[in-house]
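Notes follow the structure.
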Amino acid sequence: MEKIKSVIHEEPTLTDPILVEGLPGVGNVGKLAAEHLLDQLKAVKLADIYSVHFPPQVVLDDDGVAKLVNNEVYYSKSEDGSRPDLLIVVGDFQGLTPEGQYDISDYLLQMAMKYNVKRIYTLGGYGVGKILDDPRVLGAATSLELVEEMKEKGVIFSKGEPGSGIVGASGLLLGLGKIYGMDAVCLMGETSGYFVDPKGAEAVLRILSSLLNVEIDFTDLESKAEQIDAIASKLKEMETPQLDEAPPEDLRYIG
């Protein structure tokens, strides 16, 4: 098998689309946000991407039907020109190795270049090790001009955050995209990192929807957030006094 293989389902005509990436990571913030976006827009699948860099496994649907793990690329074309055309990347996994991360990110960028993508938004989580009621959205960008543009939309650029850099596709698409001459921004929703985090995903998606001029119904994400809050409350009740008195650990990380 080739290291990376794609199955193309459609060859749409798009006008300078924006690439949005939301693959699994900390709190699955980016994955949740991107999947909610493509559901809201009723995006159409453009391609399935398979790779030896993904885990050697299949996943099963509710009927027991198997499929090889992959990444998927969807597209959404603006009906009236009120917003940009979009390419949206979601998937089961990221690459397992540094080489795989680079290969897959470069493959996605080569595909994006065929559609004349000039701007990229990558979505991820910023793990802070505690549950937050009102998560911030931190940012990273490939130019000072983009930093200022994002600040106007409410994105936080805080010195030393994230201190360890951005790992995985959310970071590589910025770095490699810059080499290819694309503007790129990473939007990172704060998350505890303990659970799948709809609240962090909603925070990211509210910023992204403003940037893209897209109307989003957040009801499903808000409902999921309430369920996670209920689980977190139950777990907190079960904590022992010894755990309550333990000094907090610095668990800041991103992905």
Quickly work out the residue 133-to-residue 178 label distance, labels modelled 7 Å from Cα along the C-beta direction, and quote it in nm with one decimal.
3.7 nm
Tell me which of 25, 59, 9 sits at the most positive position along the dipole axis of the stretch 1-100, charges placed on C-beta atoms (Lys, Arg +1; Asp, Glu -1).
25
In vacuo Debye scattering of the stretch 34-106, one point per C-alpha: log10 I(q)/I(0) at q = 0.13, 0.23, 0.25 Å⁻¹?
-0.48, -1.05, -1.13
Convex hull of Cα atoms in the stretch 146-225, direction-averaged projection (nm²)
6.4 nm²
Run through every distinct alpha carbon pair of the stretch 41-175 and return the Kirkwood hydrodynamic radius in angstroms, one decimal place.
17.3 Å
Using alpha-carbon pairs under 8 Å, 6+ residues apart, how would you state the relative contact order of the chain in percent?
24 percent
Can you compute the label reach from residue 7? Point 7 Å from Cα along the Cβ direction, backbone N cut-off under 18 Å, restricted to the stretch 56-81.
56-75
Helix-only CD estimate at 222 nm, as mean residue ellipticity for the chain, using -39500 (n - 2.57) per DSSP H run (n ≥ 4):
-11000 deg cm²/dmol
Could you tell me how many degrees, from 0 to 90 and to the nearest 10, lie between the Cα long axis of helix 198-212 and the main elongation axis, the longest principal axis, of the Cα atoms of the chain?
40 degrees
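To the nearest 20 debye, what charge dipole does the chain have about its Cα centre, counting +1 at the Cβ of each Lys and Arg and -1 at the Cβ of each Asp and Glu? It would help to have the intermediate numbers written out before the result.
Working: 23 positive and 42 negative charges, 139 e Å.
Using Cβ point charges on Lys, Arg, Asp and Glu, the chain gives about 660 debye.
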Where the centroid of each part is defined by its Cα atoms, how far is the stretch 177-211 from the stretch 142-172 in Å?
10 Å
Quickly rank 193-201, 53-61 as a protection proxy: mean count of other C-beta atoms within 10 Å, highest first.
193-201, 53-61
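Could you sort 104-113, 209-218 so that the peptide with the highest average Cβ count within 10 Å comes first and the rest follow in order? All intermediate terms of the calculation are to be shown ahead of the outcome.
Details: 104-113: 20.3, 209-218: 15.2.
Highest mean packing first, the order is 104-113, 209-218.
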Virtual spin-label span in nm between residue 68 and residue 159, 7 Å along Cα→Cβ:
5.0 nm
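Can you pull the Rg over Rh of the chain, Cα-only, Kirkwood? Don't skip to the answer; put the middle values down first.
Working: Rg = 18.3 Å, Rh = 18.9 Å.
Result for the chain is an Rg/Rh of 0.97.
For the stretch 165-210, take N as its residue count and report Rg(C-alpha) divided by 2.2 N^0.38 Å.
Details: Rg = 12.5 Å, N = 46, 2.2 N^0.38 = 9.4 Å.
Compared with the compact-globule rule of thumb, the stretch 165-210 sits at 1.33.
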Looking only at 92, 80, 63, which one moves most when the chain is put into a Gaussian network model with springs between Cα atoms under 10 Å?
63
Nearest 10 degrees is fine. How inclined is helix 219-238 to the longest principal axis of the chain, computing both from alpha carbons?
30 degrees
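Only the coordinates and a few stated rules stand behind these numbers; no lab work does. Quick caveat: nothing in here was measured; it's all calculated off a predicted structure. Cβ coordinates were reconstructed from backbone atoms using ideal geometry, including for glycine residues, and neighbour counts include every protein chain displayed.
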